[in-house]
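Visitor: Please see the structure below; I have some questions.
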Amino acid sequence: MKKHRKLIVITSVVLLLLLVFLPLPFFVESPGSAQPTADVISVAQRHDRHSGKFLFTTVELISATPLSMVIAVFDPFREVESRQEIMAGDNTKEYLQMQSYFMENASNNAVEAAFKKAHRKYQKDYKGIYVMSLLPKSNFKNHLQVGDIVSKIDGHRFLSSKAFIKYVKSQKVNQRVTVQYQRHGKTYHTRQRLISMNKKQRPGLGISLVDHVKIHTQPKVKIDAGDVGGPSAGLMFSLQVYSQLTQQNLTKNRIIAGTGTIDAKGKVGAIGGIDKKVYADNREHAQIFFAPNDPVTKKILKIDPHYQNNYTIAKKAAARLKTKMKIVPVKNLDDAYNYLKTHR
């Protein structure tokens, strides 16, 4: 009898441990943190000390266990995603490298958009090509890595990814080219053959790439979000930079939250997990939440008849929370700025 009880206890403990700690090939997305942008942004080496604050918000992504997946089923603000949906075939290191690039790019765009709106001068320093991914068949796969910065090819330096691609297209499949690249501040070279990128025998390195640009301003702007990655803080960063640059207290003692990518022209783009960000910002007692209001076109609805844009999802999340936080639709930086100037 005692042996039977002991076996039951041991089995129960093992099952409990598996329930809590067994890793599964899924992630659970849940509300993350809502942090003041003034804590991570300085203009002319000064942080904003006005009362009121802008918040940028994160979504927490954790490896799923049986317990966390069960919890997610009953929590409308938690969502289970497959590893493929989140990482699209990248390993963890590559995924984090991409998120780091997205944050760097979002910071550059936020600064550029703020300076443009303020009619202040700035300079763009083209660093090269940022490697985002490599095809399995690429001859550069065991040489280049996600996150490397390609600065020259065959000794030629280019001022945009378009010029880089144009040069590569002018070469031939199987032709060897020498690529100069930077990794962790050090410069390397590799010489490999170009591959055929399609049936038309278009030559290529077999990498996906984006421009790597650095913005130089006077006064100097510094954005250091630590380990936070991704592009979704762009709008809130831009509002913070513009507020300090023009010495305007746009918050007017309020807690202003929001999300959305931003490009150099100030256009705001959609992001993922906006319902979770509404939850996190409501938890921090934000009074206003800016939500990207991308147009829902017939083309989009033809592909996905159930598509809802960020603003619609945010409104539904706010209703579910029964919050007094005002959900404000925005399509660009001007929309957010004008709302703050005209509403108290």
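Visitor: Hey, can you rank 58-65, 152-159 by average C-beta count inside 10 Å, highest first? Provide the component values of the computation, followed by the final result.
Guide: Details: 58-65: 17.0, 152-159: 14.0.
So the order, starting with the most tightly packed, is 58-65, 152-159.
Visitor: Whole number please: convex hull volume per residue of the Cα set in region 110-165, in Å³? Provide the component values of the computation, followed by the final result.
Guide: Working: hull volume 6.2 nm³, N = 56.
About 110 Å³ per residue, rounded to a whole number.
Visitor: Please compute, over every Cα-Cα pair in region 125-213, the percentage with a separation greater than 16 angstrom.
Guide: On the way: 1872 of 3916 pairs.
Pairs farther apart than 16 Å: 48 percent.
Visitor: Moving to a separate point now. Cβ neighbours within 10 Å, averaged per peptide: list 205-211, 21-27 in order, most packed at the top. Write down the numbers at each step before the final one.
Guide: On the way: 205-211: 18.4, 21-27: 13.3.
Top to bottom by mean Cβ count within 10 Å: 205-211, 21-27.
Visitor: Then there's this: With r as the distance between the Cβ atoms of Q123 and Q248 and R0 = 25 Å, compute the FRET efficiency 1/(1 + (r/R0)^6) and round to 0.05.
Guide: 0.55
Visitor: Here's something else I'd like to know. Ordering Y122, Y279, Y101 by accessible area with a probe of 1.4 Å, largest first, what comes out?
Guide: Values: Y122 65, Y279 85, Y101 15 Å².
If we order Y122, Y279, Y101 from most to least accessible, we get Y279, Y122, Y101.
Visitor: Could you state the accessible area per residue of the chain in Å², with a 1.4 Å probe and every protein chain left in place?
Guide: Details: 19460 Å² over 344 residues.
That works out to 57 Å² per residue.
Visitor: Ok, one more. Quick one: of the DSSP bridges fully inside the chain, what percent are antiparallel, nearest 5? Could you put the intermediate results ahead of the total?
Guide: Values: 47 of 57 bridges.
Percentage antiparallel, nearest 5: 80.
Visitor: Given Cα positions, please report Rg to Rh for region 50-151, the hydrodynamic radius being the Kirkwood one.
Guide: Numbers: Rg = 19.1 Å, Rh = 17.5 Å.
Rg/Rh: 1.09.
Visitor: Would you please state which residues of region 265-301 a label at K162 would reach in this model, taking the label point 7 Å out along Cα→Cβ and a backbone N cut-off of under 17 Å?
Guide: The answer is 265, whose backbone nitrogens lie closer than 17 Å to the label point.
Visitor: Taking only complete DSSP H runs, can you tell me which helices of the chain stretch 18 Å or more along their own long axis by Cα positions and average at least 0.0 on the Kyte-Doolittle scale? Intermediate results must be reported in sequence, preceding the final value.
Guide: Working: long enough: 2-21 (28 Å, 1.53); 92-117 (37 Å, -0.77).
Passing helices, by number: 2-21.
Visitor: Okay, moving on. Compute for region 16-80: radius of gyration divided by Kirkwood radius, i.e. Rg/Rh, restricted to C-alpha atoms, rounded to two decimals.
Guide: On the way: Rg = 17.6 Å, Rh = 14.2 Å.
That ratio is 1.24, to two decimals.
Visitor: Might you report the magnitude of the Cβ-based charge dipole of the chain about its Cα centre, with Lys and Arg at +1 and Asp and Glu at -1, to the nearest 20 debye? Write down the numbers at each step before the final one.
Guide: On the way: 54 positive and 26 negative charges, 144 e Å.
Dipole size: approximately 700 debye.
Visitor: Here's something else I'd like to know. Debye sum, Cα scatterers, the chain, no solvent: what log₁₀ I/I(0) at q = 0.09 1/Å?
Guide: -0.61
Visitor: Please list 115-121, 131-137 highest first by mean number of surrounding beta-carbon atoms within 10 Å per residue.
Guide: Working: 115-121: 14.3, 131-137: 16.1.
Output ranking for 115-121, 131-137: 131-137, 115-121.
Visitor: Here is a further query. Rounded, prolate or oblate: pick one for region 272-344, where a ≥ b ≥ c are the square roots of the eigenvalues of its C-alpha gyration tensor, a/c under 1.5 means rounded, and failing that, prolate if a/b is larger than b/c, else oblate. Show your work: numbers first, answer last.
Guide: Working: a/c = 2.77, a/b = 1.35, b/c = 2.05.
Oblate.
Visitor: At what distance in nm do the modelled label points of F74 and L7 sit from each other, each positioned 7 Å from its Cα along Cα→Cβ?
Guide: 3.1 nm
Visitor: Moving on. Just to check, using Stokes-Einstein with a Kirkwood Rh over alpha carbon pairs, what's the diffusion coefficient of region 199-317 at 25 °C and 0.890 mPa s in µm²/s? Mind dumping the intermediate values first?
Guide: On the way: Rh = 17.2 Å.
This corresponds to a translational diffusion coefficient of 143 µm²/s.
The values are calculated or read from the model by the stated rules, or taken from the named source; none is laboratory data. Treat the numbers as computed from the prediction; the structure is a model and nothing was measured. Note that each Cβ is placed from the backbone with ideal geometry, even for glycine, and that neighbours are counted across all protein chains shown. Only protein heavy atoms, including side chains, enter the accessible area calculation; ligands, DNA and RNA are left aside. Shrake-Rupley method; radii C 1.70, N 1.55, O 1.52, S 1.80 Å.
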